[in-house]
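This report concerns only the one structure given below.
Values quoted throughout were computed directly from the atomic coordinates according to the rules given, and no laboratory measurement underlies them. Just so it is clear, the structure is predicted and the values come from calculations on it, not from any experiment. With ideal geometry, Cβ positions are generated from the backbone for all residues, glycine too; neighbour counts draw on all protein chains shown.
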Amino acid sequence: MQKLDESMKLALRNNICYFATCSKNGIPNVVPMGLVEVLDDSTIAIVDVLMKKTRKNLEENNNVAIAVTDVNRLVGYQFKGKASVITTGELMEWANEFVKKKHEKRKEILINRLKSEKDPEIISKIEKRINVMYKPKAVVIIKVEEIYKTM
Ligand SMILES: Cc1cc2nc3c(=O)[nH]c(=O)nc-3n(C[C@H](O)[C@H](O)[C@H](O)COP(=O)(O)O)c2cc1C
């Protein structure tokens, strides 16, 4: 099993990651994920706030992949592994706090964006979204088995 290094951890924590799952019949599904944290050298957590097809696929097939690109640091990675879904206990408490912190950080960024944004369509989109905070439904735990550099 390969281990996550500091560059990989930074990329996962600070960028939108693309989470790929697959149905039992081999139909793939890939979605962007922002609520991503690295728990240890071989474990990634993604908080489920909106997942639908992703969760259905995870019930049928626990093989997953995550792709992330950090354009500022010129690195990109693909991680493959096995997922499990946790819906109770300490991890859910952690997820609640994690989502609150992420929400505050995102709000601060959006408030700053509003100061300089001129496009009324974008201003309206930001205003609609700025106070939306999602409630964690589960935490998807991914045990990383393979790592590939994509950049
Ligand atoms: C930038 C961005 C970040 C997102 N982050 C998350 C996330 O961390 N957790 C989550 O459950 N959904 C997140 N979503 C929503 C998912 O991408 C997706 O819409 C959701 O899982 C439903 O798709 P599915 O039915 O294929 O699972 C995010 C969407 C966007 C656009």
Exercise. Does at least one position in the stretch 77-95 carry a residue that is under 16 Å from Cys17 (Cβ atoms), touching a residue at least 24 places away in the same chain (Cβ under 8 Å), part of a helix (DSSP H, G or I) and of a type in the set (Phe, Trp, Tyr)?
Worked result: no
Exercise. Met133 passes all but one of (1) of a type in the set (A, V, I, L, M, F, W, C); (2) out of contact with any Lys or Arg (no Cβ under 8 Å at 6 or more places or on another chain); (3) exposed (fewer than 15 other Cβ atoms within 10 Å of the Cβ); which number fails?
Worked result: (2)
Problem set entry | Qualifying positions in the stretch 97-130 - of a type outside the set (D, E, K, R), within 16 Å of the ligand (Cβ to nearest atom), surrounded by 13 or more Cβ atoms within 10 Å (Cβ to Cβ) and without any contact (Cβ under 8 Å) to a residue 40 or more places away in the chain | His103, Leu110, Ile126, Ile130
Exercise. Here are some conditions: (1) over 15 Å from Ile142 (Cα atoms); (2) within 14 Å of the ligand (Cβ to nearest atom); (3) part of a strand (DSSP E or B). Ala67 meets all but one. Which one does it not meet?
Worked result: (1)
Exercise. Going by the structure shown, is Leu74 under 27 Å from Lys149 (Cβ atoms) and either near the ligand (Cβ under 10 Å from one of its atoms) or among the aromatic types (Phe, Trp, Tyr) (or both)?
Worked result: no
Seminar exercise, completed: Checked pairs for the stretch 37-48, first farther than 15 Å from Glu146 by Cα, second within 14 Å of the ligand (Cβ to nearest atom) and small (Gly, Ala, Ser), C-beta under 8 Å and 6 or more apart or across chains, list as Glu37/Ala45; Val38/Ala45; Leu39/Ala45; Ala45/Ala95; Val47/Ala95; Val47/Ala138; Asp48/Ala138
